[in-house]
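Remarks on the structure that follows.
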């Protein structure tokens, strides 16, 4: 083993400097602060590896752009604990610091015992916690808040706090004095309330970074403001204080012998893909061919097609105007091109899309009409049971999640579905995974990697179809 490989192995099984960024409750500003920390540390020449707890797509787009390296999701619902450890160790191996952003509050989670909470993930990874506290309207009450969070689970090490949304220097001084007097927790940052630090929100959360031309400038500004108000050296010291991890990495599987070309919609309308899944596709000897559904008029020569989630409703006029590509996609799918589509991809493949009083024509290979609503139709974790009619021949229950404001209406009564919905909404509250020829399109988002992922069965279908076409 050469010296570089030895060093890499040591990092994987040893230091892995890391910090878990959490909060007392959601909407405390931890995503903006984590974004700023990624940008600030990167600007100082540090290799920063971001992670996001949960199934979110949008925050990782921002965090990845700020750190200039892919952000990886860590989620108890869709990953086994060993898979979380492996993913963390692989991605963190060559980073100066890993920042793991939680979702909601530190102790929030689905189960009463907290087994899938942010705290559980911090414990699994042995990560010290920096607690972001929204300090608006708060003075002496900050002390019992911190003390309570420390006492609730003594196995969690709250190594520092960042005060956010402060009302001025006097407010900051009062809070620092209270925390110093009543607690042993260090204040490593105090961020004043500034409108310029706010990132525009939309119905799914933060506006995707790949949709904003000014995203990089905004990220740079947030990084500069956070760097001016957070002690980055103390943050690095906290990360360095994390205990060593011993996570033996599983051997990488040898790639399939036959290389395949798969188109993947990636533009302003579609961009919801897990970084882990992109890695898994490439490791499986897949050449990914990015497709701009807004501007490219021709479908490239590919063996399969992936259309992930996004915001097709925002760009439905442009999608409709690209008649040539819509026609080619429909013809290819009707001719048997293996295609996998999730949520926004399903909406794009339907006959029409209606939003805010307008209706636009879409691809039309899914014989239903998409209608946007003011409130979410499906939201949260989901679980699917293959129906036995699924062409991928899956058997075990499949963990997933969904977050869609639209419904698919007017589907024929004899439609064939791949899944029965055990938890969640899917297409009609009972089914998901509309099937036609070699198309599988549903509302739920699945993890592609792992034993229950969609990548392996999809690639089996792609290679089988390619072999038949070659005969």
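All of the numbers you see were taken from the coordinates with simple rules; none came from a lab. No experiment lies behind these values; they were computed from the predicted model shown. Ideal geometry is used to build each Cβ from the backbone, glycine not excepted, and the neighbour counts take in all protein chains shown.
Where does helix 169-182 land angle-wise versus the long Cα axis of the chain, in degrees 0 to 90, nearest 10?
70 degrees
How would 79, 347, 316 line up from fewest to most surrounding beta-carbon atoms within 10 angstrom?
Final ranking by Cβ density, sparse to dense: 79, 316, 347.
Compute the distance in nm between two label points, each set 7 Å from the Cα along the Cα-to-Cβ direction, one at residue 471 and one at residue 396.
3.1 nm
Going by the alpha-carbon gyration tensor, a ≥ b ≥ c the square roots of its eigenvalues, is the range 251-409 rounded (a/c under 1.5) or, if a/c is not under 1.5, prolate (a/b greater than b/c) versus oblate?
oblate
Extension gain residue 170-residue 354, at 0.36 nm per residue separation less the Cα-Cα distance, in nm?
Here the segment from residue 170 to residue 354 would lengthen by 61.1 nm.
Would you please classify the overall shape of the range 12-51 from the alpha carbon gyration tensor, given that a ≥ b ≥ c denote the square roots of the eigenvalues, rounded means a/c under 1.5, and beyond that prolate means a/b larger than b/c while oblate covers the rest?
Cα axes put the range 12-51 in the oblate bin.
Pull up the DSSP beta bridges for the range 260-470 and report the antiparallel fraction as a percent, rounded to 5.
Antiparallel bridges make up about 60 percent of those DSSP assigns within the range 260-470.
Just want to confirm a number: the relative contact order over the range 226-306, from Cα pairs under 8 angstrom separated by 6+ residues, in percent.
About 36 percent, as a whole number.
Got a sec? How would 275, 196 order by Cβ neighbour count within 10 Å, fewest to most?
Least crowded to most crowded, the residues run 196, 275.
Need one number: nm distance between label points at residue 292 and residue 46, each 7 Å from Cα along Cα→Cβ, rounded to one decimal.
About 3.6 nm separates the two model spin labels.
If you count the DSSP beta bridges with both ends in the range 13-240, what percent of them are antiparallel, to the nearest 5?
Of those bridges, close to 10 percent are antiparallel.
Which shape class applies to the range 13-240: rounded if a/c is under 1.5, otherwise prolate when a/b exceeds b/c and oblate if not, where a ≥ b ≥ c are the square roots of the Cα gyration tensor eigenvalues?
rounded
Take each of the peptides 334-340, 174-180, 107-113, average the number of other beta-carbon atoms within 10 Å over its residues, and list them starting from the highest.
334-340, 174-180, 107-113
Fewest first, what order do 169, 350 take by the number of other Cβ atoms within 10 Å?
Final ranking by Cβ density, sparse to dense: 169, 350.
Rounded to the nearest 5, what % of the DSSP beta bridges within the chain are antiparallel ones?
Counting DSSP beta bridges with both partners in the chain, the antiparallel share is about 40 percent.
Just to confirm the number: angle between the C-alpha axis of helix 215-229 and the first principal axis of the chain, 0 to 90 degrees, nearest 10?
Value to nearest ten degrees: 20.
On a 0 to 90 degree scale, rounded to 10, what angle separates helix 81-92 from the longest Cα axis of the chain?
80 degrees
Read through the labelled values [x] 23.3; [y] 19.8; [z] 43.6 and report the label of the one computed as mean projected area of the Cα convex hull in nm² from the structure.
[x]
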